Amino acid sequence: MLALATFYAVWMYQDYWAEGGIALLHFGYLWAAYNVAVALSSHYAVDIERRFGLTVVTAIMCLAPGISYLGMGLAAEIIWLGVALGFIMQSSRGLQMVILRNAFNRVLGSELRATANSISSFLFRGVFIFTGPAVGYAIDAWSSATVFVMLGLLFLLVGVWQFKGLASLISRGIQSPNQR
């Protein structure tokens with residue numbers, strides 16, 4: 001669910017920017033800046049986890065998408081604030097790409113790793129195939145800001161639920177593979 005939470009946003013940003021009055025010529029610069037945020041958070045993900053601990057990083061990964069969606073939806077009238085809040089989403093995306101994939105691969109034996117990664121990717125795309133058009137329809141019916149708020153509330157609830165589950169694993173002694 002965490003990857004799906006940040007993936008919807010990738011498909012929604014351009015409508016959000018256009019509705020906020022950002023000129024099309026700025027979209028490329030915004031995409032570049034957002035991708036730099038993903039790259040930097042991915043690059044420093046292990047260092048961030050070592051510094052703040054697995055519990056804090058897990059909380060960030062679980063809650064940041066919902067907070068970002070909600071903030072962007074509520075700040076739609078102040079578009080550059082909404083754009084700034086998008087960096088939270090993108091930074092969370094970068095953390096997830098490294099921390100979750102690393103944990104997933106370390107838990108699985110080498111004989112299952114490729115199959116499990118393929119199934120995970122298939123399920124992710126399968127869920128998006130069915131839910132992505134519904135999100136797109138909702139944007140067309142209402143507005144991207146409204147859908148950002150709706151997804152924000154949904155992913156805050158999901159994020160709290162996921163954090164509780166992951167935090168219980170951490171408290172039972174599941175350690176980060178990135179701890180020295």
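The values are calculated or read from the model by the stated rules, or taken from the named source; none is laboratory data. Worth saying up front: this structure is predicted, and the values here are computed from it rather than measured. With ideal geometry, Cβ positions are generated from the backbone for all residues, glycine too; neighbour counts draw on all protein chains shown.
Quick notes on this structure:
- Qualifying residues in the stretch 132-144 (those that are out of contact with any Phe, Trp or Tyr (no Cβ under 7 Å at 6 or more places or on another chain) and in contact (Cβ under 8 Å) with a residue 12 or more places away in the chain) - the one surrounded by the most Cβ atoms within 10 Å (Cβ to Cβ): 139
- Residue count, the stretch 34-55 (criterion: loosely packed, with under 15 Cβ neighbours inside 10 Å and of a type in the set (A, V, I, L, M, F, W, C)): 4
- Beta carbons closer than 9 Å, at least 6 apart along the sequence or on distinct chains, pair a first residue in the stretch 147-168 that is aliphatic (A, V, I, L, M) with a second that is not in a helix (DSSP H, G or I) for 149/76; 150/142; 158/1; 166/174.
- Criterion violated by residue 23 - all others in (1) under 18 Å from residue 2 (Cα atoms); (2) over 16 Å from the mean Cα position of the chain (by Cα); (3) among the hydrophobic types (A, V, I, L, M, F, W, C) satisfied: (1)
- Verdict on residue 59 being over 16 Å from the mean Cα position of the chain (by Cα), modelled with pLDDT under 95 and small (Gly, Ala, Ser): no
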